[in-house]
Structures are given as C-alpha cells and as structure tokens.
Amino acid sequence: MFMSRIQKAFEGGKAFIGFLTGGDPSIDKSLEFIFEMERAGADIIEIGVPFSDPIAEGEVIQAANIRALSGGATVRGIFELVRRTRQKSEVPLVLLTYLNPVYHYGYGEFFAECELSGVDGIIIPDLPFEESGEVGEEAAKRGVDLISLVAPTSEERVEMIAKRAKGFLYVVSSMGVTGVRSEIVTDVGAITALAKAASEVPVAVGFGINTPEQAAELAKCADGVIVGSAIVRIIAEHGGNAGERVYGYVKSMKEAVGAVR
Amino acid sequence: MADETRGRFGEYGGQYIPETLMNEVHALERAYNFYKDDAAFNGELGALLRDYAGRPSLLYFAGKMTADLGGARIYLKREDLNHTGSHKINNVLGQCLLAKKMGKTRVIAETGAGQHGVATATAAALLGLECEIFMGKEDTERQSLNVYRMELLGSKVVAVTSGTMTLKDAVNETMREWTRRVHDTHYVLGSVMGPHPFPQIVGDFQSVISREAREQILEREGRLPSAVLACVGGGSNAMGMFRCFIGDKGVRLIGCEAAGKGIDTSEHAAAIARGEKGVFHGMKSYFCQDENGQIAPVYSISAGLDYPGIGPEHAYLNDIGRAEYVPVTDDEAVSAFEYLARTEGIISAIESAHAVAHIRKIAKEFRPDESVIICLSGRGDKDVAAIARYRGVNVHE
C-alpha cells in the first residue's frame, strides 16, 4: 500500500514537528536549519511562507516574517528552498502560508509548483473548513495534503473537520496566537480526544509548546507535537549561527516526545 | 443582496479567519439574525439613535455651493452633527447593544483616525462595557487628542507597534486579541469589512443614513437624487449612503477613494483603482498588494481612508457596474476641505472632503433641476492641525 511521507512520519512512534520561517535570516540558512532539525530527529518540517500580515502569529513569528521579507524572501524563493531540501532529503515538508499569497500565485499554479518541488502538505490558518473546498480540490489533484486545524472552541465542529482531514489534524492547544506559553491552560486533552475519535489521520498538537516536559505531557494524548516559536526564537537570537543550537533544542524535544508510548 | 448561507456578495466576502474564531462568528450571525427583527431590540436601538446620537441627521441644501459650482442642486447629509462627530456612532450603538444581548462584558475595536475608537469608547461607557481600542502607534501620535478622548471615556488604548503601525496593523492586532478572549469579548468592527457577518451587520446599521436621506430628499425635491456620493476607505459611510438607493436604478452611486499623492505613485490607498482581487482580513475583495501577494503599505492624508482594502459589497457593486469608484488626491481633498469651510461655513472631516472634491469636478454634468447628496461623514476638528501643517502653518494642538 502506498504511504505518503507524512503518513510514514507517524509510523515510528510519537512525531516531533519543527517549524521555521522560510528565508529567516536567508534561504541558505533556512536550508541549513532544516537539515539540522532533520539530523536532530524532527519527523516533519513545517516551513512558514513569509507574509506581511500574519494574523494568527504572536510577536516572535511576526518578527521572523518581517526579517524574511526584508531579506527578500518570496513564494518562489520558498519553492526553491523546498527543491534544494528535496535534492538531499526525504523529510516530509509542510508549508504554512496565509491564503493571499496562494490566491495571488493562482491555486492551480501554486499546487503544481508544490508537487514539482516536493511539498507534502499545506497549512493555511486563515482558511477554515467552510471556505476550503476549492483549495482542497486543487491541493488533492497535486497530491498535497491540506492540513486542517481544530481549536479549543471547535467542540461542535471537530467531527465535521476531522472526517475530511488529510495528512494530520492540527490541534491548536490554546486560545489566541502562536507563541511560547509557560503553561497551557485549556483542556487540550478533551479536544484532542474528540479529534482522535473522529479522525482517521494522526493528530498533532501545537501552539505555546516550549519545554521537553510540556511536549512529553502533550504527546501522551496526541500522535505528535508541533513547535514553532521556541525554534524561531533561537534563530532570532543567534541568526546565521543558530544551527547548532537548533540541533540541540530539537534533539532534546524529540527525545522527550519519542520516549512517550 | 448577500448570499445568506455563505455571506457572499457575488464572489466577494466569505469568512477567511482562523478556526478559533469560527464558532464565534457563527454565534454572532445567529444572534444578529434574531435581534435584527426583534421589536424590543429595534425599539431600544431606535431610542438610542434618536435621544443619544441625535438622529435623524439633517439633510442640508448647500445653496452657496450650488450657486457657485452650477449644475446639480447639492445636498449634504450631515452625519458630522451626530454625537461623537461622525457616522461611526450608528454602527457602534447597534453592535454594542448586540454584544450586551450576547452576554459579552467587554468590547474591542480598531481605529485609524480615532473616530471609530471614540465612538466605541462612548457606546461602551454608556452601556457599561469594558473597552479596549487598538490604534497604530503612528496614528496615536498623529491623533493624540483622540487617544486622550478615549481614555477620558474610560477605555484603554493600545498603541500597535507591529507592521506599518497604522489602521491595517490595528485590525491585525484586534483580531489577534479577539482570538485570545473570544468568550467574553465582542469585536466591534468599524467598517463594512472583515468576515461575514460583519459587512452585513455594519452595512445594515449604517443604512439608516440612506433610509433617512431618501425620505428627506423626496420631501424636499419631490423626486430622487441623480447621484449620491461618499468617501470610501473600508466603505461604511458609503454603504450607509448607498444601501437604500441600490434599487433605484436612476441614482448613481459614487464612492471616492483616497488617491493620496496620485494613483500613479506608490503612495495611495485606492483599492478599486489600483488594487487586485485578494483574500485578507477575513474577506475576499480588492486589496492594494505587491506582485507576491504581500499587502502593500498604503498612504492617504486621511487616516480614516488609509486602508489597503475595501468592503466586499463595494467590490461587488463595482464589478456589476452599479456603483462607480473614483480616485481623489490629497491635494484635491485639502482644497475641498478649505472650499467647504469658506463657502458653507462647515469644517468637515478630511475623509468626507474627498467626496466634496469630486462634486466640484462633476456638478456641472447635471441639470439645475437635478439633485445630488454628499454624505458628510464626519466633522473636521480632528484634522485642523494636520491641514495647517499641510499648508506649512505651524499650530499648537
């Protein structure tokens, strides 16, 4: 039976999904950091496509978007990053992008480019279930999984969303925007349980996760854990020299997540 | 006009927002659909509009302008005489009342020039709601008096430091705050934009402008006007001015966009003239954007029109040819601002002066037995210092 790269990523136990903003501080450095994350054990890499107005992001990733755009990052540049990663690696790659850059590129052309360069999945935070029909079809034609999100407020919507989920289902752990939180106060276990019950694809939890302890705790109820702001913060602090620290951080997180059965 | 099931105006509109907010916008839609036809709610809102906001607003025949320009008989719909000095109060009283009915205890809002922020802070004070206003840092400096005004009214003002630090960024930050505290907070969106049902709700609450104006002009002139004009940023006073005339095919609907330093420069905010279709701030519409789909930094002398998009119903009215949208530059708006002050003794908002500027260009195209109505959306006290600076005069605020 055919298994996608994303499906395979969840085969060997709990998955760790690491995020960075593409082109922060440069495409070359993003390529290096992706390989560092893979070497440290990341099972899926999520690449943020820089956008002028990322309304679902907290300050850390907003700043990364500005750095990347100031550095000249474009959608075409991100596809180039994917192509160069694919020349050396089979690590599953998921793009996180706001809808306007995709709409502007043209849905058909965008997903054709995804297929050509080797993108496995796409997350669009401002494209909720009800609006996802056309994009979902274009993505499916090109073998790209449109990954759905559920939030703490999605209780009555989980089943509808989970039934049509592709790739994996992204459970947003907390209210608000992305960013490191010292504690996660919502009952993420309950919404994750609802998601798992209704979903045929794996369920991964993200938003606010920072420490190995938090990651391990959340991995108990989910199939994977997504970490963004904590990695982007390391890149913000150390710029082009962040490679080794990104490796060290992702390794500690993957070990914590992987130890959970 | 809206497709009731998906909140569309033709292909425009929709609900392009994070999943975290979806449950809430559905709840808002249900509440609105109930209360909009509820006699008690409408009675309460009607009383507030009459006794507190000062409605109906006057329809004033601008005789000197008419004589000076030649052509159409020019009327001004005086939204500048409302409590808080602009049309914004029409919408915020409706939304704050709705928020209370929904059990919310707190409201948040974005503001550019401060008109919508002041109106929201006012309604929140009156109705006993906690209130927080998000304003681009650059705008808090340009409009420091309005910041203090909102604080006097008991609101907290947050200076937004992300992005270009103007209206667009204030909207981003208000949306982010809404996702944090959706359980007790209603987002009082200030224009006919954002995700469904906001374009419909704001358009409905603002339609009081054209409902009154239509009645008033029929009484005065015995016939409908040949055109109605309004400035357009997001487009709330324009939609208010257009709504009840949409069915009257003989009435031209004219929206005046901010052309800043000119639509052939990079410094304008003309979403219809120079924007492209896109999806942003919860809606599909026209937006000023670059070749990579990044939202463009926009510019206008008027902070209230300094927004890269336009409401979806306007995009639709433009495409079907029912409404026309024309660009008006800073220079033209400032000179119209001065012209109206000298000719009629009215200091209007610089936003509204964009519409006044356009009638100066086209008044002669009409016969003397035809009439036109300009929506004078706000008063100009807030702009006096900026206009003085524009003319090189240094005044202390």
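The values are calculated or read from the model by the stated rules, or taken from the named source; none is laboratory data. Owing to the predicted nature of the structure, the values given are computational and were not obtained by experimental measurement. We place every Cβ from the backbone using ideal geometry, glycine too, and count neighbours over all the protein chains shown. The area values use the complete protein model at the heavy-atom level, side chains included, leaving out ligands, DNA and RNA. Shrake-Rupley method; radii C 1.70, N 1.55, O 1.52, S 1.80 Å.
For the reader, a short list of remarks on this structure follows.
- In the set (1) in contact with a Gly (Cβ under 8 Å, 6 or more places away or on another chain); (2) under 19 Å from B:Tyr299 (Cα atoms), B:Arg367 fails one condition alone, (2).
- Qualifying residue in region B:56-63 (condition: over 22 Å from B:Ser236 (Cα atoms), open to solvent by less than 10 Å² (accessible area, probe 1.4 Å), more than 14 Å from every other protein chain (Cβ to nearest Cβ) and outside any strand (DSSP E or B)): yes
- Of the residues making up region A:110-129, those that are more than 13 Å from chain B (Cβ to nearest Cβ) and not in a helix (DSSP H, G or I) number 5.
- Test: B:Arg252 is open to solvent by 10 Å² or more (accessible area, probe 1.4 Å) and within 26 Å of B:Ala113 (Cβ to Cβ): no
Yes/no per residue for (1) among the acidic types (Asp, Glu); (2) in contact with a strand residue (DSSP E or B) (Cβ under 7 Å, 6 or more places away or on another chain):
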| residue | (1), (2) |
| --- | --- |
| B:Thr120 | no, yes |
| B:Ala123 | no, no |
| B:Ile133 | no, yes |
| B:Glu141 | yes, no |
| B:Tyr148 | no, no |
| B:Glu151 | yes, yes |
| B:Ala159 | no, yes |
| B:Trp178 | no, yes |
| B:Asp184 | yes, yes |
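- Annotation note: of A:Arg233, A:Arg245, the sole residue that is surrounded by fewer than 24 Cβ atoms within 10 Å (Cβ to Cβ), in contact (Cβ under 8 Å) with a residue 60 or more places away in the chain and closer than 20 Å to A:Gly48 by Cα is A:Arg233.
- Single residue of region A:153-168 satisfying the filter (open to solvent by less than 50 Å² (accessible area, probe 1.4 Å) and away from every other protein chain (no Cβ under 11 Å)) that is nearest to A:Val203 (Cα to Cα): A:Phe168
- Selection status of A:Ala222, under 30 Å from A:Ser30 (Cβ atoms), of a type in the set (A, V, I, L, M), out of contact with any Phe, Trp or Tyr (no Cβ under 9 Å at 6 or more places or on another chain) and open to solvent by less than 10 Å² (accessible area, probe 1.4 Å): yes
- Within region A:49-109, helices (runs of 4 or more DSSP H) holding 2 or more residues that are more than 8 Å from chain B (Cβ to nearest Cβ) and open to solvent by less than 10 Å² (accessible area, probe 1.4 Å): A:59-70, A:75-88
- Residues of region A:130-152 satisfying the condition of being charged (D, E, K, R), within 14 Å of another protein chain (Cβ to nearest Cβ) and either farther than 21 Å from A:Ala162 by Cβ or in contact (Cβ under 8 Å) with a residue 12 or more places away in the chain (or both): A:Glu134
- Any hit, region B:298-309, residues being hydroxyl-bearing (Ser, Thr, Tyr), in a strand (DSSP E or B) and within 14 Å of another protein chain (Cβ to nearest Cβ): no
- Scanning region B:323-377 for residues that are out of contact with any His (no Cβ under 7 Å at 6 or more places or on another chain), open to solvent by less than 20 Å² (accessible area, probe 1.4 Å), closer than 22 Å to B:Leu145 by Cβ and not in a helix (DSSP H, G or I) returns B:Ile346, B:Ser348, B:Ala349, B:Leu376.
- Unmet requirement for B:Arg8, which otherwise passes all of (1) open to solvent by less than 20 Å² (accessible area, probe 1.4 Å); (2) within 14 Å of another protein chain (Cβ to nearest Cβ); (3) under 30 Å from B:Ser226 (Cα atoms): (1)
- Any strands (runs of 3 or more DSSP E) falling wholly within region B:80-194 and containing at least 2 residues that are crowded, with 24+ Cβ neighbours inside 10 Å: B:106-111, B:130-136, B:185-187
Okay, residues lined up against (1) closer than 30 Å to B:Thr343 by Cβ; (2) open to solvent by 40 Å² or more (accessible area, probe 1.4 Å):
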| site | (1), (2) |
| --- | --- |
| B:Val25 | no, no |
| B:Phe34 | no, yes |
| B:Leu45 | no, no |
| B:Ile74 | yes, no |
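- If you go through region B:17-47 and pick out every residue that is more than 9 Å from every other protein chain (Cβ to nearest Cβ) and of a type in the set (Asp, Glu), you end up with 4.
- Answer from B:Leu305, B:Leu253 - the residue that is at pLDDT below 95 and closer than 27 Å to B:Gly380 by Cβ: B:Leu305
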